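Below you'll find the structure, written out as structure tokens, and then a few comments.
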Amino acid sequence: MIKRINSEVYHLLHPKMTFFLTSISRKGVPNVMTCAWATPVSDEPPIVVVCVSRDSHTSALIRQTREFVINIPVKRQLEALWICGRTSGRDVDKFKEAGLRYHPGRMVRAPIIEGCIGYIECRVLRCVVAGECNAFFGEVVTAYADTRFFKRGSWVDTAEIPFHLAGRKMVYFRG
Ligand SMILES: Cc1cc2nc3c(=O)[nH]c(=O)nc-3n(C[C@H](O)[C@H](O)[C@H](O)COP(=O)(O)O)c2cc1C
């Protein structure tokens, strides 16, 4: 039976790869949030879009400094993903709360998170308001990955990358 879906239509498009989205304030204070709504939109030049709630602290920071980093996590960082997806950097230092260590990015000031297996550093080209979200189009300024898990242009099955299904449910890439 095919049934009409009335709410949370976006769940039809999940599971979605889920990552740590990092940003930084003008004064140099970093933040991290969990994000699943992202996609490449151009390969030449490389451009990605991240969709971020307009109420979030992350949106405010990306609008301030016009940069962000997509940090691709692994299964053992699951608890940190939930923490960074439930609390706001306005209220708490989520790096401390989630036990995440970070360094400055290679080409942007927004931080990269230790223990992730891929990083995409971006500068914002434009921001489009889309409902409750800001869709930030980011030009990729550099991207790098752990070669134990990314070989010959794709993730290998041992990477165990989290994908958000719905609610508290995650599934993992197994190749
Ligand atoms: C699995 C998961 C995926 C999420 N994906 C998104 C997303 O794509 N966009 C978004 O705006 N919020 C998303 N969130 C919610 C934010 O992470 C959450 O609102 C966070 O508290 C914002 O933090 P901030 O105020 O420090 O920016 C997600 C949360 C979880 C748990």
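I'm trying to understand the selection: among the residues of the range 102-147, which are open to solvent by 60 Å² or more (accessible area, probe 1.4 Å) and either among the charged types (D, E, K, R) or in contact with a His (Cβ under 7 Å, 6 or more places away or on another chain) (or both)?
106, 109, 114, 123, 126, 132, 139
Please go through the range 1-25 and give me each residue that is part of a loop (DSSP other than H, G, I, E, B) and within 16 Å of the ligand (Cβ to nearest atom), ordered by number.
Step one: filter the range 1-25 for residues part of a loop (DSSP other than H, G, I, E, B), giving 1-8, 14-15, 18, 25.
Residues satisfying the conditions are 8, 14, 15, 18, 25.
List the residue pairs whose Cβ atoms are under 8 Å apart, where the first residue sits in the range 148-175 and is assigned to a helix (DSSP H, G or I), the second is loosely packed, with under 10 Cβ neighbours inside 10 Å, and the two are 6 or more positions apart or on different chains.
Filtered contacts from the range 148-175: 157/174.
Which residue pairs have Cβ atoms closer than 8 Å, lie 6 or more positions apart in sequence or on different chains, and pair a first residue in the range 52-63 that is touching a residue at least 24 places away in the same chain (Cβ under 8 Å) with a second residue that is assigned to a helix (DSSP H, G or I)?
Close Cβ pairs (under 8 Å, with a partner that is assigned to a helix (DSSP H, G or I)) amount to 52/58; 52/59; 52/62; 53/59.
Collect the residues in the range 79-118 that are among the small types (Gly, Ala, Ser) and in contact (Cβ under 8 Å) with a residue 24 or more places away in the chain, keeping them in residue-number order. Reasoning before the result, please.
Of the range 79-118, the ones among the small types (Gly, Ala, Ser) are 80, 85, 88-89, 98-99, 105, 110, 115, 118.
Within the range 79-118, 80, 85, 88, 89, 98, 105, 110, 115, 118 meet the criteria.
Identify all residues within the range 20-52 that are in contact with a helix residue (DSSP H, G or I) (Cβ under 7 Å, 6 or more places away or on another chain) and more than 25 Å from residue 74 (Cβ to Cβ); write none if there are none.
Residues satisfying the conditions are 25, 26.
The values are calculated or read from the model by the stated rules, or taken from the named source; none is laboratory data. For clarity, every value in this text was computed on a predicted model and none was experimentally measured. Every residue, glycine among them, receives a Cβ derived from its backbone with ideal geometry; neighbour counts consider all protein chains shown. The area values use the complete protein model at the heavy-atom level, side chains included, leaving out ligands, DNA and RNA. Shrake-Rupley method; radii C 1.70, N 1.55, O 1.52, S 1.80 Å.
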